[in-house]
Amino acid sequence: MKLKVCGMREVDNIRDLLALKPDYMGMIFYEKSPRHVLQRPEVDLSGVQKVGVFVNASDEEMIEKARTYGLNLLQLHGEEPVAQVQRLKKLGFELIKVFSVTNHLPIAVMEAYAPYVDYFLFDTKTPAYGGSGEKFDWRILKDYNLDKPFFLSGGIELEDIDTIRQLGITQLYAIDVNSRFELAPAVKDIKKIEALKSRL
């Protein structure tokens, strides 16, 4: 199971995280987020897959940020229409489409996106588009019947890893952690993430 650590911003904290070799590192380009990235961190990011997180952004903004920050993937965390996702895929981007859920998976809606995305991501539905530290009922993931691999997010803690494994869902590709592993917004608890890595 792969690991994505999202909401990174501070240079020293990023450097410490990279020493743990996570698979993905997320940077949030959403101005209402307390983890909003304003400038490129002056650190070598070549050893990790860099994910830019966007909420209802324009094509132009995402293209510009991808170039400036050397993003490997775009994570679409809003209500981006299928047509926009299709355009970004034609430009060659690797894409993660987020669905914020409560008590069911919108399989029919997801099917329209599936041809154009590389991964889905399931997060807990909140007004703030993620980072809430709240879980949804993971049992609904057993209804997932698409071939597309997915990331699981939303309030994941150290103690949840065995429960996640026991779901036994082959499409569950990675976990995505954020606020439950923070000392402050955009400052991760490196020791806690190291403990997480040891359990994966």
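Can you tell me which residue is surrounded by the fewest Cβ atoms within 10 Å (Cβ to Cβ) among those in the stretch 44-67 that are in contact with a helix residue (DSSP H, G or I) (Cβ under 7 Å, 6 or more places away or on another chain) and part of a loop (DSSP other than H, G, I, E, B)? Filtering the stretch 44-67 for residues that are in contact with a helix residue (DSSP H, G or I) (Cβ under 7 Å, 6 or more places away or on another chain) and part of a loop (DSSP other than H, G, I, E, B), the one surrounded by the fewest Cβ atoms within 10 Å (Cβ to Cβ) comes out as Gly47.
The residues of the stretch 1-43 that are assigned to a helix (DSSP H, G or I) and open to solvent by 70 Å² or more (accessible area, probe 1.4 Å), listed by number, are Asp12, Arg15, Asp16. Quick one: would you say Ile193 is closer than 24 Å to Val37 by Cβ, within 16 Å of the chain's Cα centre (by Cα), surrounded by 13 or more Cβ atoms within 10 Å (Cβ to Cβ) and without any contact (Cβ under 8 Å) to a residue 40 or more places away in the chain? The answer is no for Ile193.
Among the conditions (1) loosely packed, with under 15 Cβ neighbours inside 10 Å; (2) under 17 Å from Met8 (Cβ atoms), the only one that Gln75 does not satisfy is (1). In the condition set (1) under 17 Å from the mean Cα position of the chain (by Cα); (2) more than 23 Å from Arg35 (Cβ to Cβ); (3) open to solvent by 10 Å² or more (accessible area, probe 1.4 Å); (4) not acidic (Asp, Glu), Arg139 is compliant with all but (1). Within the stretch 73-84, the set of residues being part of a loop (DSSP other than H, G, I, E, B) and in contact (Cβ under 8 Å) with a residue 40 or more places away in the chain comprises His77, Gly78. Of all residues in the stretch 146-173, those satisfying the criterion of being closer than 15 Å to Tyr119 by Cα and not hydrophobic (A, V, I, L, M, F, W, C) are Asp147, Lys148, Pro149, Ser153, Thr170, Gln171, Tyr173.
Among the residues of this structure, Glu94 counts as one that is among the acidic types (Asp, Glu), at negative phi and surrounded by fewer than 18 Cβ atoms within 10 Å (Cβ to Cβ). When each of Val55, Val51, Val85 is tested for being touching a His at 6+ places or on another chain (Cβ under 9 Å), on the phi < 0 side of the Ramachandran plot and not charged (D, E, K, R), the lone residue that passes is Val55. Evaluation of Arg165 against the conditions (1) more than 18 Å from the chain's Cα centre (by Cα); (2) crowded, with 16+ Cβ neighbours inside 10 Å; (3) touching a residue at least 40 places away in the same chain (Cβ under 8 Å) shows that the sole unmet condition is (2). The residues in the stretch 168-189 that are open to solvent by less than 20 Å² (accessible area, probe 1.4 Å) and not in a strand (DSSP E or B) can be counted, and the count is 2. Apart from one condition, Met110 fits all of (1) among the aliphatic types (A, V, I, L, M); (2) within 19 Å of Gly52 (Cα to Cα); (3) touching a Phe, Trp or Tyr at 6+ places or on another chain (Cβ under 7 Å); (4) not in a strand (DSSP E or B); the exception is (2).
The values are calculated or read from the model by the stated rules, or taken from the named source; none is laboratory data. The shown structure was predicted, so the numbers you read here are calculated from the model rather than taken from an experiment. Counting neighbours? That spans all protein chains shown, and the Cβs are built from the backbone with ideal geometry, glycine included. Keep in mind that these areas ignore ligands, DNA and RNA; they rest on the heavy atoms of the full protein, side chains included. Shrake-Rupley method; radii C 1.70, N 1.55, O 1.52, S 1.80 Å.
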